[in-house]
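Working notes, beginning with the structure itself.
The values are calculated or read from the model by the stated rules, or taken from the named source; none is laboratory data. Every value quoted in this text rests on a predicted model; they were computed, and no experiment measured them. Positions of Cβ are generated from backbone atoms using ideal geometry, with glycine treated the same way; all protein chains shown enter the neighbour counts. Ligands, DNA and RNA are excluded from the accessible area calculation, which covers all protein heavy atoms including side chains. Shrake-Rupley method; radii C 1.70, N 1.55, O 1.52, S 1.80 Å.
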Amino acid sequence: EKSEITSDVEVVEDAVEGLPLEIDTVEEKQIVLPVLNESDKFFKEQLALVSNDLLSWFQTENVIKKYIYIINDLSQSQILFKHRSFLKPSAKFVVKKDAYGLYLSEENYKRYNKLANAIAAIDIDKAVSLYITFKPLFEQVYQTFSYPAGYTLDDIFIKAAASVISAPVIEDRIALKPHSIRYKFADIKLESLDDVKKQLIRMGPENTRKIQSVARRLAQAL
(Lines give C-alpha, C1' and ligand atoms only; values in the text may rest on other atoms or scores of the structure.)
Protein backbone atom coordinates (compact mmCIF):
# COMPACT_ATOMS: atom_id res chain seq x y z
CA GLU A 1 0.00 0.00 0.00
CA LYS A 2 2.82 2.38 0.87
CA SER A 3 4.39 2.46 -2.58
CA GLU A 4 0.98 2.99 -4.18
CA ILE A 5 0.19 5.87 -1.82
CA THR A 6 3.58 7.46 -2.50
CA SER A 7 2.91 7.26 -6.24
CA ASP A 8 -0.41 9.07 -5.86
CA VAL A 9 1.16 11.75 -3.69
CA GLU A 10 3.76 12.29 -6.44
CA VAL A 11 0.97 12.63 -9.04
CA VAL A 12 -0.66 15.34 -6.95
CA GLU A 13 2.67 17.06 -6.24
CA ASP A 14 3.43 17.15 -9.97
CA ALA A 15 -0.03 18.57 -10.68
CA VAL A 16 0.26 21.41 -8.16
CA GLU A 17 3.97 22.19 -8.66
CA GLY A 18 4.44 25.83 -9.52
CA LEU A 19 0.95 26.87 -8.43
CA PRO A 20 0.94 29.92 -6.13
CA LEU A 21 0.18 28.93 -2.56
CA GLU A 22 -2.99 30.85 -1.80
CA ILE A 23 -4.21 28.84 1.15
CA ASP A 24 -4.27 30.80 4.39
CA THR A 25 -3.50 29.08 7.65
CA VAL A 26 -6.77 27.72 9.00
CA GLU A 27 -7.19 27.76 12.74
CA GLU A 28 -9.28 25.04 14.34
CA LYS A 29 -12.38 26.35 16.05
CA GLN A 30 -13.82 24.69 19.11
CA ILE A 31 -17.14 23.51 17.76
CA VAL A 32 -19.30 20.89 19.41
CA LEU A 33 -20.28 18.48 16.67
CA PRO A 34 -23.55 16.57 16.60
CA VAL A 35 -23.41 12.79 16.49
CA LEU A 36 -22.84 11.38 13.02
CA ASN A 37 -26.41 10.18 12.45
CA GLU A 38 -27.79 13.61 13.38
CA SER A 39 -25.23 15.74 11.52
CA ASP A 40 -27.08 16.47 8.24
CA LYS A 41 -28.58 19.84 9.20
CA PHE A 42 -25.39 21.31 10.68
CA PHE A 43 -23.19 19.94 7.90
CA LYS A 44 -25.40 21.44 5.19
CA GLU A 45 -25.39 24.80 6.98
CA GLN A 46 -21.59 24.82 7.01
CA LEU A 47 -21.39 23.54 3.44
CA ALA A 48 -23.42 26.54 2.28
CA LEU A 49 -20.47 28.71 3.35
CA VAL A 50 -18.14 26.70 1.11
CA SER A 51 -20.30 26.73 -2.03
CA ASN A 52 -23.99 27.46 -1.78
CA ASP A 53 -24.46 25.99 -5.25
CA LEU A 54 -23.37 22.59 -3.94
CA LEU A 55 -26.33 22.32 -1.58
CA SER A 56 -28.66 21.05 -4.29
CA TRP A 57 -26.36 18.00 -4.63
CA PHE A 58 -26.61 17.19 -0.92
CA GLN A 59 -30.38 16.80 -0.69
CA THR A 60 -30.22 13.35 0.86
CA GLU A 61 -29.94 11.79 4.29
CA ASN A 62 -26.73 10.61 5.97
CA VAL A 63 -24.80 13.08 3.82
CA ILE A 64 -21.39 12.63 5.44
CA LYS A 65 -21.52 8.85 5.18
CA LYS A 66 -22.54 8.92 1.53
CA TYR A 67 -19.89 11.41 0.48
CA ILE A 68 -17.06 9.68 2.32
CA TYR A 69 -18.13 6.49 0.53
CA ILE A 70 -17.86 8.37 -2.77
CA ILE A 71 -14.42 9.79 -1.87
CA ASN A 72 -13.31 6.28 -0.98
CA ASP A 73 -14.58 5.00 -4.33
CA LEU A 74 -12.73 7.78 -6.16
CA SER A 75 -9.56 6.91 -4.27
CA GLN A 76 -9.84 3.42 -5.75
CA SER A 77 -10.52 4.84 -9.24
CA GLN A 78 -14.04 3.51 -9.29
CA ILE A 79 -17.58 4.88 -9.17
CA LEU A 80 -20.19 2.58 -7.67
CA PHE A 81 -23.76 3.35 -8.68
CA LYS A 82 -25.11 2.24 -5.28
CA HIS A 83 -23.13 5.07 -3.67
CA ARG A 84 -23.80 7.83 -6.20
CA SER A 85 -27.33 6.99 -7.39
CA PHE A 86 -28.73 10.17 -5.77
CA LEU A 87 -26.35 12.25 -7.95
CA LYS A 88 -27.67 10.94 -11.25
CA PRO A 89 -28.44 13.81 -13.69
CA SER A 90 -32.11 14.21 -14.57
CA ALA A 91 -31.43 14.70 -18.29
CA LYS A 92 -30.88 11.63 -20.47
CA PHE A 93 -27.57 10.51 -21.97
CA VAL A 94 -27.24 12.08 -25.44
CA VAL A 95 -25.84 10.10 -28.37
CA LYS A 96 -25.79 11.30 -31.98
CA LYS A 97 -24.97 9.76 -35.34
CA ASP A 98 -23.08 11.09 -38.33
CA ALA A 99 -21.46 9.59 -41.44
CA TYR A 100 -18.81 7.94 -39.25
CA GLY A 101 -21.26 6.36 -36.80
CA LEU A 102 -22.36 7.01 -33.23
CA TYR A 103 -20.62 9.62 -31.12
CA LEU A 104 -20.93 11.36 -27.78
CA SER A 105 -22.89 14.55 -28.29
CA GLU A 106 -21.60 17.78 -26.80
CA GLU A 107 -25.15 18.30 -25.57
CA ASN A 108 -24.46 15.47 -23.16
CA TYR A 109 -21.86 17.60 -21.38
CA LYS A 110 -24.53 20.11 -20.43
CA ARG A 111 -26.07 17.52 -18.10
CA TYR A 112 -23.08 18.08 -15.82
CA ASN A 113 -22.66 21.85 -16.11
CA LYS A 114 -24.53 22.59 -12.90
CA LEU A 115 -22.44 20.17 -10.85
CA ALA A 116 -19.14 21.31 -12.39
CA ASN A 117 -20.02 24.97 -11.80
CA ALA A 118 -20.97 24.23 -8.18
CA ILE A 119 -17.61 22.55 -7.66
CA ALA A 120 -15.81 25.43 -9.39
CA ALA A 121 -17.50 27.85 -6.97
CA ILE A 122 -15.94 26.16 -3.92
CA ASP A 123 -14.11 28.55 -1.59
CA ILE A 124 -10.88 26.62 -0.94
CA ASP A 125 -10.08 28.23 2.43
CA LYS A 126 -13.58 27.51 3.69
CA ALA A 127 -13.42 23.96 2.30
CA VAL A 128 -10.28 23.36 4.36
CA SER A 129 -12.02 24.77 7.41
CA LEU A 130 -14.99 22.46 6.79
CA TYR A 131 -12.64 19.48 6.49
CA ILE A 132 -10.95 20.33 9.80
CA THR A 133 -14.26 20.91 11.57
CA PHE A 134 -15.92 17.70 10.47
CA LYS A 135 -12.86 15.47 10.36
CA PRO A 136 -13.84 13.61 13.56
CA LEU A 137 -17.12 12.55 11.87
CA PHE A 138 -15.33 11.77 8.60
CA GLU A 139 -12.96 9.57 10.61
CA GLN A 140 -15.89 7.60 12.03
CA VAL A 141 -16.99 6.66 8.53
CA TYR A 142 -13.39 6.01 7.43
CA GLN A 143 -12.88 3.52 10.25
CA THR A 144 -15.61 1.29 8.79
CA PHE A 145 -13.40 0.66 5.72
CA SER A 146 -10.90 -1.41 7.75
CA TYR A 147 -7.79 -0.13 5.99
CA PRO A 148 -4.40 -1.29 7.32
CA ALA A 149 -2.55 0.68 10.00
CA GLY A 150 -0.65 3.63 8.58
CA TYR A 151 -3.27 4.36 5.92
CA THR A 152 -5.31 7.44 6.81
CA LEU A 153 -8.36 9.48 5.93
CA ASP A 154 -6.03 12.08 4.38
CA ASP A 155 -4.64 9.34 2.12
CA ILE A 156 -8.02 8.57 0.55
CA PHE A 157 -8.59 12.27 -0.14
CA ILE A 158 -5.15 12.56 -1.76
CA LYS A 159 -5.73 9.42 -3.83
CA ALA A 160 -9.19 10.65 -4.87
CA ALA A 161 -7.66 13.96 -6.02
CA ALA A 162 -4.95 12.08 -7.93
CA SER A 163 -7.58 9.98 -9.66
CA VAL A 164 -9.46 13.08 -10.82
CA ILE A 165 -6.37 15.06 -11.80
CA SER A 166 -5.00 12.23 -13.96
CA ALA A 167 -8.09 12.02 -16.20
CA PRO A 168 -7.50 13.01 -19.85
CA VAL A 169 -9.13 16.11 -21.33
CA ILE A 170 -10.49 15.21 -24.76
CA GLU A 171 -11.60 17.86 -27.22
CA ASP A 172 -12.06 15.58 -30.23
CA ARG A 173 -15.11 13.65 -31.38
CA ILE A 174 -15.63 10.58 -29.16
CA ALA A 175 -16.97 7.57 -31.03
CA LEU A 176 -19.36 5.19 -29.30
CA LYS A 177 -20.70 1.71 -29.95
CA PRO A 178 -23.79 -0.01 -28.54
CA HIS A 179 -23.30 -2.37 -25.61
CA SER A 180 -26.34 -4.10 -24.15
CA ILE A 181 -28.70 -1.25 -23.15
CA ARG A 182 -25.82 1.23 -22.85
CA TYR A 183 -22.91 2.49 -24.92
CA LYS A 184 -19.16 1.93 -24.83
CA PHE A 185 -16.32 4.06 -26.14
CA ALA A 186 -15.35 2.70 -29.54
CA ASP A 187 -11.70 3.47 -28.83
CA ILE A 188 -10.33 0.50 -26.87
CA LYS A 189 -7.82 2.74 -25.07
CA LEU A 190 -10.62 4.96 -23.75
CA GLU A 191 -12.85 2.04 -22.83
CA SER A 192 -10.01 0.44 -20.85
CA LEU A 193 -9.67 3.52 -18.63
CA ASP A 194 -10.93 3.35 -15.06
CA ASP A 195 -14.42 4.47 -14.04
CA VAL A 196 -13.36 7.92 -12.81
CA LYS A 197 -11.53 8.85 -16.00
CA LYS A 198 -14.42 7.63 -18.19
CA GLN A 199 -16.93 9.60 -16.13
CA LEU A 200 -14.93 12.81 -16.51
CA ILE A 201 -14.66 12.21 -20.27
CA ARG A 202 -18.46 11.93 -20.39
CA MET A 203 -18.70 15.24 -18.54
CA GLY A 204 -16.81 17.04 -21.30
CA PRO A 205 -13.47 18.88 -21.50
CA GLU A 206 -14.61 22.19 -20.02
CA ASN A 207 -16.28 20.57 -17.02
CA THR A 208 -13.29 18.28 -16.54
CA ARG A 209 -10.93 21.25 -16.42
CA LYS A 210 -13.10 23.01 -13.83
CA ILE A 211 -13.22 19.95 -11.57
CA GLN A 212 -9.52 19.20 -11.97
CA SER A 213 -8.61 22.78 -11.11
CA VAL A 214 -10.46 22.54 -7.81
CA ALA A 215 -9.01 19.07 -7.13
CA ARG A 216 -5.48 20.48 -7.59
CA ARG A 217 -6.12 23.39 -5.24
CA LEU A 218 -7.71 21.17 -2.60
CA ALA A 219 -4.82 18.72 -2.88
CA GLN A 220 -2.43 21.63 -2.48
CA ALA A 221 -4.29 22.68 0.67
CA LEU A 222 -4.15 19.15 2.10
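For segment 142-161, state whether one or more residues are modelled with pLDDT of 95 or more, surrounded by 19 or more Cβ atoms within 10 Å (Cβ to Cβ), within 30 Å of ALA99 (Cβ to Cβ) and in contact with a helix residue (DSSP H, G or I) (Cβ under 9 Å, 6 or more places away or on another chain).
no
List the helices (runs of 4 or more DSSP H) inside segment 153-213, counting only whole elements, that have at least 1 residues being in contact (Cβ under 8 Å) with a residue 40 or more places away in the chain and small (Gly, Ala, Ser). Give the steps one after another, and end with the answer.
Details: elements: 153-165, 188-191, 195-203.
Passing ranges, in order: 153-165.
Give the residue that is nearest to ILE132 (Cα to Cα), with candidates limited to residues of segment 29-54 that are open to solvent by 40 Å² or more (accessible area, probe 1.4 Å) and modelled with pLDDT under 90.
Per the criteria, the residue is LYS29.
Since ALA118 meets every condition but one in (1) at pLDDT 95 or above; (2) surrounded by 15 or more Cβ atoms within 10 Å (Cβ to Cβ); (3) of a type in the set (A, V, I, L, M, F, W, C), which condition does it not meet?
ALA118 satisfies every listed condition except (1).
Which pairs have Cβ atoms under 6 Å, sit 6 or more apart or on different chains, and link a residue in segment 76-105 that is at positive phi and in contact (Cβ under 8 Å) with a residue 12 or more places away in the chain to one that is assigned to a helix (DSSP H, G or I) and small (Gly, Ala, Ser)?
Listed pairs, sorted by first residue: SER77/SER163.
In segment 121-128, is there at least one residue being over 24 Å from VAL214 (Cα atoms) and basic (Lys, Arg)?
No, there is no match, as no residue in segment 121-128 is over 24 Å from VAL214 (Cα atoms) and basic (Lys, Arg).
Please verify whether SER180 is more than 15 Å from SER105 (Cα to Cα), surrounded by 16 or more Cβ atoms within 10 Å (Cβ to Cβ) and not aliphatic (A, V, I, L, M), treating the condition exactly as stated.
no
Can you name every residue in segment 80-113 that is loosely packed, with under 14 Cβ neighbours inside 10 Å and within 18 Å of the chain's Cα centre (by Cα)?
Residues satisfying the conditions are LEU80, PHE81, LYS82, SER85, PHE86, LYS88.
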